[in-house]
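Take a look at the structure set out below.
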2 protein chains.
Amino acid sequence: MARIVMKFGGTSVADLDRIRNVANRVKREVEAGHEVAVVVSAMSGTTNQLVKWCQDLSPLHDAREYDVVVATGEQVTIGLLAIALQTIGVEARSWQGWQIPILTDQAHGKARVESIDGSLLIERMQAGQVPVIAGFQGLEPTRNRVTTLGRGGSDLSAVAIAAAVKADRCDIYTDVDGVYTTDPRIVPRARKLDRISYEEMLELASVGAKVLQTRSVELAMKQRVRVQVLSSFEDKPGSLVVDEDEIVEQPIVSGIAYSRDEAKVTLRRVPDRPGVAASVFGPLSAANVNVDMIVQNVGADGSTDMTFTLGRTDLPRARDLLEKEKATIGFEAMIADPDVAKISVVGIGMRTHAGVATTMFKTLSEKGINIQVISTSEIKVSVLIPADYTELAVRALHTAYGLDGPEPARRGEG
Amino acid sequence: MARIVMKFGGTSVADLDRIRNVANRVKREVEAGHEVAVVVSAMSGTTNQLVKWCQDLSPLHDAREYDVVVATGEQVTIGLLAIALQTIGVEARSWQGWQIPILTDQAHGKARVESIDGSLLIERMQAGQVPVIAGFQGLEPTRNRVTTLGRGGSDLSAVAIAAAVKADRCDIYTDVDGVYTTDPRIVPRARKLDRISYEEMLELASVGAKVLQTRSVELAMKQRVRVQVLSSFEDKPGSLVVDEDEIVEQPIVSGIAYSRDEAKVTLRRVPDRPGVAASVFGPLSAANVNVDMIVQNVGADGSTDMTFTLGRTDLPRARDLLEKEKATIGFEAMIADPDVAKISVVGIGMRTHAGVATTMFKTLSEKGINIQVISTSEIKVSVLIPADYTELAVRALHTAYGLDGPEPARRGEG
């Protein structure tokens, strides 16, 4: 017998048939003898509609009232799922954030969970009842107001609740069936990973493998919650995100990630003097523009070229800001390029194995792909390349690191 | 300066434009120097969708979970209206039932308000803030669960909150502009009543003039809350529902109501012995079938004909029940007639004036309308007639009791 938190996202509860499907999945775990709590998102599309109403009324709407409106999406789902469970003979009861309570700070719209009292939930689970919990929402206790955790917050709710009830596992059901060595739409021979470490998952999540929300992986790592990613539509085991000690055979490279949401900015002939980096990145940071990779060439004539990347949606704002600061910084010209992609090779095995970066550079070079910027971390090597080469690069690296699985059977043939 | 509770129904908040319109109405009262609290329903259509989802999942769904689902409709409206008010410079804050709290009993789906703590609301109103309160919902404190008050419950919420905050008036904004002497769609010369007593309003509400929910009128009468019914779309005074002492010139008859939601059942040759009425109405009452008018003729040969009316939607169930009890009751035949209408003449002046019923019978007789059943109360005379004669009867009575106003100007002419 285990204690399991099951989390279902918006597409998994998109209509009544899917809610019934979720109820059946929950029933199976209950009948297997497990103690189960369920966390659900709003039916897909609902949250977007609610957000749009708030924005149409006022782009600068009060975040406290925004939270009152958008929290209703999850409230509808918990009531419906509780009814669906009871209908097939599973004892169930819905729980809103304020009823548990899930206490958060006052940062409405993107609140942080501060504490969860798991005692009532544990009591009900031990008595054989399934708590059906609204994800994404909490209670700010000082003002007695509903808060929401920001987009993708239901993953975070699930992990936080799993920690609070001391669950053996937190199963995140989604529309993919696990974490892959890379995007299977690009590489059909991508393999599903049975296990992946928190650290690797974090690197993959932050570079565009949108399986799990980054904050939820951070929390799982901090609270040592074992997370499983699996499909709500198919019936097979998913990928387990765990402590690296639980991974017996650690591959050197676990996955290849890519992101096309990047843009590159180059400032030509920046004066090569102390403090110039601060004069460039200070104003960007103040305007909440996140800069990712940074390269600075050593100049010969007292000036240098400075290149960095940022989120593509931030590019127009960053250009405006830097143009205004042109005299202060003293650069000659600004060149912006939105047609770039970041390709990352991720693996905890890198800590103990040299040569991972060399293999990457060699492979890309053999395919004639020009590397524009390089950055590395302890378990990741990332390069910036022209966006047109994204698929070619991902496929070549996937093969080079020995990640290719067998050719999948094509559907509709045979 | 007065303290006012303003209540807006589903059609008044049906979309963002109408919510903005409501915000402007509230602003006007605030700028006139009044202390204002607002009670709102769900955007029209929303509650029906939520109810349908619950019923589709299970016709016998758990009422506690049903309440969790349907209470979201009002929650959306309060957040949106609070944003709309803030956008036009009116300080506002939303309140759900559990936040105030509005405490109810455990009768989920049709809970009764047991107590409302008005202190927080009064505090905010005195500080110049407008509380925007979700109608229709409350909190059952023992289990800490959301309850709803049943259909039309927002009127009830508004009156109960008006009593709790000791409001000078409870303004119910709706899609009609007041209480009329009869249905203006049938009688164009119907007049809007400036004032009507609680008792008359109750009789009119219960016989089909669907302006105010019956329970809310009962509560207003009990708590002495002055209620005004007025239009959210037009800008003119409505009708005031008040204690009869506040009505200086009491007309003998205030209005003519009708209802086509009735059906008539006649049991032929029922044995005329003690206990037979109980054998007929006991099973109906046990099955929650409300019987309204009852007539029993004195029979000559030890048997009698028994006629009664009930809600038309209850007719199939009642027929089944009575067929099953046929042997026990001992009647010869059952005749059901759904094509009947109940016409009622209502007025507190009847208490002191005789001849009201006589005028009614005479007027209907002159038009050749056959009266099937008669029932009376202290301030009401009702008759059952063939449904086809409804309009004719209402018009004739409206004229006979001197209720006709001037011929209204026709729209689109002139």
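Can you find a residue that is surrounded by fewer than 20 Cβ atoms within 10 Å (Cβ to Cβ), away from every other protein chain (no Cβ under 11 Å) and of a type in the set (Ser, Thr, Tyr) anywhere in the stretch B:109-117?
Scanning the stretch B:109-117, I find at least one residue that is surrounded by fewer than 20 Cβ atoms within 10 Å (Cβ to Cβ), away from every other protein chain (no Cβ under 11 Å) and of a type in the set (Ser, Thr, Tyr), so the answer is yes.
Being in contact (Cβ under 8 Å) with a residue 60 or more places away in the chain, closer than 15 Å to B:Thr72 by Cβ, of a type outside the set (S, T, N, Q) and assigned to a strand (DSSP E or B) narrows it down to one of B:Val146, B:Val132, so name that one.
From the options B:Val146, B:Val132, the qualifying one is B:Val146.
Can you spot a residue in the stretch A:204-212 that is in contact with a helix residue (DSSP H, G or I) (Cβ under 7 Å, 6 or more places away or on another chain) and within 22 Å of A:Arg28 (Cα to Cα)?
Looking through the stretch A:204-212, none of the residues is in contact with a helix residue (DSSP H, G or I) (Cβ under 7 Å, 6 or more places away or on another chain) and within 22 Å of A:Arg28 (Cα to Cα).
Just a yes or no: is a residue in the stretch B:275-289 crowded, with 16+ Cβ neighbours inside 10 Å, small (Gly, Ala, Ser) and in contact (Cβ under 8 Å) with a residue 40 or more places away in the chain?
Yes: one or more hits.
Give me a count of the residues in the stretch B:304-317 that are under 17 Å from B:Met293 (Cα atoms) and more than 24 Å from the chain's Cα centre (by Cα).
Looking only at that region, the number is 4.
Output the number of the condition that B:Lys222 fails; it satisfies all remaining conditions of (1) crowded, with 20+ Cβ neighbours inside 10 Å; (2) without any contact (Cβ under 8 Å) to a residue 12 or more places away in the chain.
Unmet condition: (1).
How do the pairs read when you match residues in the stretch A:9-26 that are surrounded by fewer than 19 Cβ atoms within 10 Å (Cβ to Cβ) with residues anywhere that are not in a helix (DSSP H, G or I), using Cβ under 6 Å and keeping only pairs 6 or more apart or on different chains?
A:Thr11/A:Ser44; A:Thr11/A:Asp175; A:Ala14/A:Met43; A:Ala14/A:Ser44
Report every pair of residues separated by at least 6 positions or lying on different chains whose Cβ atoms are under 8 Å apart, first residue within the stretch B:105-121 and in contact (Cβ under 8 Å) with a residue 12 or more places away in the chain, second surrounded by 14 or more Cβ atoms within 10 Å (Cβ to Cβ) and of a type in the set (Phe, Trp, Tyr).
Close Cβ pairs (under 8 Å, with a partner that is surrounded by 14 or more Cβ atoms within 10 Å (Cβ to Cβ) and of a type in the set (Phe, Trp, Tyr)) amount to B:His108/B:Tyr66; B:Gly109/B:Tyr66; B:Leu121/B:Trp95.
Just the residues that are touching a helix residue (DSSP H, G or I) at 6+ places or on another chain (Cβ under 7 Å) and assigned to a strand (DSSP E or B), please, taken from the stretch B:242-266.
Answer for the stretch B:242-266, where residues must be touching a helix residue (DSSP H, G or I) at 6+ places or on another chain (Cβ under 7 Å) and assigned to a strand (DSSP E or B): B:Gly255, B:Ile256, B:Ala257, B:Tyr258, B:Glu262, B:Ala263, B:Val265.
Restricted to the stretch B:67-96, and to residues that are part of a helix (DSSP H, G or I) and out of contact with any strand residue (DSSP E or B) (no Cβ under 8 Å at 6 or more places or on another chain), which residue is farthest from the other protein chains (Cβ to nearest Cβ)?
That would be B:Gly73.
Pull up the stretch B:151-196, narrow it to residues that are closer than 23 Å to B:Asp245 by Cβ, assigned to a loop (DSSP other than H, G, I, E, B) and small (Gly, Ala, Ser), then point me to the one that is most open to solvent (accessible area, probe 1.4 Å).
Only one residue tops the list, namely B:Ala167.
Has the stretch B:225-244 got any residue that is out of contact with any strand residue (DSSP E or B) (no Cβ under 8 Å at 6 or more places or on another chain), at pLDDT 90 or above, open to solvent by 20 Å² or more (accessible area, probe 1.4 Å) and over 17 Å from B:Tyr173 (Cβ atoms)?
no
Checking B:Ile78 against (1) surrounded by fewer than 24 Cβ atoms within 10 Å (Cβ to Cβ); (2) under 25 Å from the mean Cα position of the chain (by Cα); (3) modelled with pLDDT of 95 or more, which single condition isn't satisfied?
(1)
Evaluate the stretch B:127-138: report whether one residue or more is surrounded by fewer than 16 Cβ atoms within 10 Å (Cβ to Cβ), of a type outside the set (A, V, I, L, M, F, W, C) and away from chain A (no Cβ under 12 Å).
The answer is yes; a qualifying residue exists.
Name the residues in the stretch A:9-33 that are away from chain B (no Cβ under 14 Å) and touching a Gly at 6+ places or on another chain (Cβ under 9 Å), would you?
Result: A:Gly9, A:Gly10, A:Lys27, A:Val30.
Residues that are free of Cβ contacts under 8 Å to residues at least 12 places away in the same chain, within 30 Å of A:Leu16 (Cβ to Cβ), part of a helix (DSSP H, G or I) and open to solvent by 40 Å² or more (accessible area, probe 1.4 Å): does the stretch B:31-50 have at least one?
Looking for residues that are free of Cβ contacts under 8 Å to residues at least 12 places away in the same chain, within 30 Å of A:Leu16 (Cβ to Cβ), part of a helix (DSSP H, G or I) and open to solvent by 40 Å² or more (accessible area, probe 1.4 Å), one finds at least one in the stretch B:31-50, hence yes.
How about the stretch B:51-65: which of its residues are more than 7 Å from every other protein chain (Cβ to nearest Cβ) and within 22 Å of B:Ser157 (Cα to Cα)?
Hits for the stretch B:51-65 are B:Val51, B:Ala63, B:Arg64.
For the list (1) open to solvent by 30 Å² or more (accessible area, probe 1.4 Å); (2) out of contact with any Lys or Arg (no Cβ under 6 Å at 6 or more places or on another chain), I need the number of the one condition that A:Gly97 fails.
It is condition (1) that A:Gly97 fails.
Which one is nearest to A:Lys380 (Cα to Cα) among residues in the stretch A:290-303 that are out of contact with any Gly (no Cβ under 9 Å at 6 or more places or on another chain) and surrounded by 16 or more Cβ atoms within 10 Å (Cβ to Cβ)?
A:Met293
So A:Thr104 passes all but one of these: (1) more than 13 Å from chain B (Cβ to nearest Cβ); (2) farther than 30 Å from A:Asn24 by Cβ; (3) open to solvent by 10 Å² or more (accessible area, probe 1.4 Å); (4) at pLDDT 95 or above. Which condition number does it fail?
(3)
Tell me which helices (runs of 4 or more DSSP H) are completely within the stretch A:304-376 and hold 3 or more residues being open to solvent by 80 Å² or more (accessible area, probe 1.4 Å) and more than 26 Å from A:Ala393 (Cα to Cα), or say none if there are none.
Once the helices (runs of 4 or more DSSP H) in the stretch A:304-376 are filtered for at least 3 residues that are open to solvent by 80 Å² or more (accessible area, probe 1.4 Å) and more than 26 Å from A:Ala393 (Cα to Cα), what remains is A:315-324.
Please determine, by comparing only the residues of the stretch A:377-403 that are modelled with pLDDT of 95 or more and of a type in the set (Asp, Glu), which one is most open to solvent (accessible area, probe 1.4 Å).
A:Asp388
The values are calculated or read from the model by the stated rules, or taken from the named source; none is laboratory data. All values reported here derive from a predicted model rather than from experimental measurement. Every residue, glycine among them, receives a Cβ derived from its backbone with ideal geometry; neighbour counts consider all protein chains shown. Ligands, DNA and RNA are stripped out before the accessible areas are found, and what is left, the full protein with its side chains, is counted by its heavy atoms. Shrake-Rupley method; radii C 1.70, N 1.55, O 1.52, S 1.80 Å.
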